[in-house]
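In what follows, a structure is listed as C-alpha cells, so that the remarks can point back to it.
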Amino acid sequence: MSIALTPNIAETRTRVAEARKNNLTIGVVPTMGALHEGHGELVRRARAENGFVVVTLFVNPIQFNRREDLDRYPRDVSKDVAYCDSLGADVVFAPEVDEMYPGQLMTSVEVSGVSQYLEGEFRPGHFKGVSTVVAKLLNIVQADRAYFGEKDAQQLAVIQKMVADLNMPVTIVPVPTVREADGLALSSRNRLLSPEEREQAPVVYRALQAAQAQILSGETAKVARIAALSILAENPSMRLDYLEVVDAATMTPVDQNAQLTAPVRIAIAVWLGKTRLIDNVLAS
Ligand code: AMP
C-alpha cells in the first residue's frame, strides 16, 4: 500500500508541504467516510486534476443535530483507506474528534441566506457545523482544489459562498451526483436501509424527475411539486421533510405560481423508517 494514513494534523501538513515543494498541485476531498462510488468519483476527479490528493475522513459531531444519527453513522476506516489507495490518493487524513476539537470551540463559521431553507430549516445548526469543519479542513490541507458533490447541492452552495466571502484561496469543484442503476443517489446512509426500504428508495429520484419534466416543459413550481408528490404517494410509508423548488443560485424558494426564468433546483428530504435520504436535481 503506497497511501499514507494519518490521524494527525501536523503530519498531514508536513506531507502536503513536501508535495508543494515538489511543485505538485493539491486536491482535497472532504468526506465522512463509509466511502462509495460517489465519493470515488470525487477522488478520481481530484486525481486527474492534481499532483497530490488528500482524502479526509471525519464524522463531524458538530454537524449532527440528532445524537442518534451520529451514533448510527456507518464507519469503516480500513476499507475506506484501501479504496482511496485503489484510486491513487496520496494521503488519508482521518483525525479523532479530539484532534479536530481539542478544546472548547469558540469560533465558528456561519453562512446566512443559502443555508436558511431546506436542510437549514430541518437540521438546525447543521450548516454551521459543516462550514466550520470545512473551513478547518481547508486550513489544514491548504489545497488548490476541493471537491464536493452536487448530491448535497445546498452544502455545495454554502461552501462556495463561504470560500468567496472569506477569500479562501481554494477552487471549489462541483461533481455531478452518482446514482445506482435504478436512480437512487449513492449515499453512505443507503447501507442503513432494510431490503424493503431499499426497494422503495428509487421513488425519490422518480419524483424529482417528474417535477423536473414539468419545469422543463414550462410549468410552474406548484405544478411540478404536485407531480412529484403524486409519485411519492405510491409509497405512503415514506415521511416527507420537504420537497421544494428553489432558486439554484440562492437556494431560496421561488414563487410557486410564476413563470420560472432562472435555473431551479428541486430538492427533497424523506424518511424511510429511521433513515433520512436527501436528493436533488437541477432544472434550467
Ligand atoms: P459525505 O461523506 O456524505 O459527507 O460526502 C462527502 C462528499 O461526497 C460530499 O461532497 C458529497 O456531496 C459527496 N457525495 C456523496 N454522495 C455522492 C454521490 N452519490 N455522488 C456525488 N457525490 C457524492
Only residues that are in contact with a helix residue (DSSP H, G or I) (Cβ under 7 Å, 6 or more places away or on another chain) and aliphatic (A, V, I, L, M): list them for the range 60-100, please.
Ile62, Leu70, Leu87, Ala89, Val91, Val92, Ala94, Val97, Met100
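Taking the conditions exactly as written (within 16 Å of the ligand (Cβ to nearest atom) and either of a type outside the set (Val, Ile, Thr) or surrounded by 18 or more Cβ atoms within 10 Å (Cβ to Cβ) (or both)), does Val158 satisfy them or not?
Criteria met by Val158.
A quick yes/no check of all residues on (1) more than 17 Å from Ala269 (Cβ to Cβ); (2) more than 20 Å from the chain's Cα centre (by Cα); (3) away from the ligand (no atom under 16 Å from the Cβ):
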{"site": "Leu166", "(1), (2), (3)": "yes, yes, yes"}
{"site": "Pro176", "(1), (2), (3)": "yes, no, no"}
{"site": "Arg191", "(1), (2), (3)": "yes, no, no"}
{"site": "Tyr205", "(1), (2), (3)": "no, no, no"}
{"site": "Gln214", "(1), (2), (3)": "yes, yes, yes"}
{"site": "Ser217", "(1), (2), (3)": "yes, yes, yes"}
Yes or no: the range 26-47 includes at least one residue that is assigned to a helix (DSSP H, G or I), away from the ligand (no atom under 16 Å from the Cβ) and surrounded by fewer than 20 Cβ atoms within 10 Å (Cβ to Cβ).
no
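Being among the small types (Gly, Ala, Ser), open to solvent by 30 Å² or more (accessible area, probe 1.4 Å) and modelled with pLDDT of 95 or more narrows it down to one of Ser237, Ser217, so name that one.
Working: Ser237 fails: modelled with pLDDT of 95 or more.
After ruling out the rest, the residue left standing is Ser217.
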So which residues in the range 1-28 are more than 13 Å from Val54 (Cα to Cα), hydrophobic (A, V, I, L, M, F, W, C) and without any contact (Cβ under 8 Å) to a residue 12 or more places away in the chain?
Ala10
Cβ pairs under 6 Å, 6+ apart or interchain, first in the range 201-220 and closer than 17 Å to Ala258 by Cα and among the β-branched types (Val, Ile, Thr), second open to solvent by less than 60 Å² (accessible area, probe 1.4 Å) and in a helix (DSSP H, G or I), ordered by first then second residue, are Ile215/Ala224
Please enumerate the residues belonging to the range 110-139 that are surrounded by fewer than 20 Cβ atoms within 10 Å (Cβ to Cβ) and among the hydrophobic types (A, V, I, L, M, F, W, C).
Phe122, Ala135
Single match in Leu105, Leu118 (criterion: on the phi > 0 side of the Ramachandran plot, away from the ligand (no atom under 13 Å from the Cβ) and touching a helix residue (DSSP H, G or I) at 6+ places or on another chain (Cβ under 8 Å))
Leu118
Qualifying positions in the range 127-155 - of a type in the set (Val, Ile, Thr) and either within 23 Å of Leu208 (Cα to Cα) or away from the ligand (no atom under 15 Å from the Cβ) (or both):
Ile140
Restricting attention to the range 63-99, which residues are outside any loop (DSSP other than H, G, I, E, B), under 20 Å from the mean Cα position of the chain (by Cα) and over 30 Å from Gly273 (Cα atoms)?
Val81, Cys84, Val92, Phe93
Take the range 1-17 and flag every residue that is of a type in the set (A, V, I, L, M) and either in a loop (DSSP other than H, G, I, E, B) or under 16 Å from Pro102 (Cα atoms) (or both).
Met1, Ile3, Ile9, Ala10
Of all residues in the range 100-109 being assigned to a loop (DSSP other than H, G, I, E, B) and of a type in the set (A, V, I, L, M), the one that is least open to solvent (accessible area, probe 1.4 Å)
Val109
Where in the range 166-284 are there helices (runs of 4 or more DSSP H), lying fully within it, with 3 or more residues that are of a type in the set (S, T, N, Q)?
203-216
Could you figure out which of (1) within 15 Å of the ligand (Cβ to nearest atom); (2) out of contact with any Lys or Arg (no Cβ under 8 Å at 6 or more places or on another chain) isn't true of Gly183?
(2)
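The values are calculated or read from the model by the stated rules, or taken from the named source; none is laboratory data. Every value quoted in this text rests on a predicted model; they were computed, and no experiment measured them. In this analysis, Cβ positions are derived from the backbone assuming ideal geometry, glycine residues included, and neighbour counts consider all displayed protein chains. Note: areas computed on protein heavy atoms with side chains; ligands, DNA, RNA excluded. Shrake-Rupley method; radii C 1.70, N 1.55, O 1.52, S 1.80 Å.
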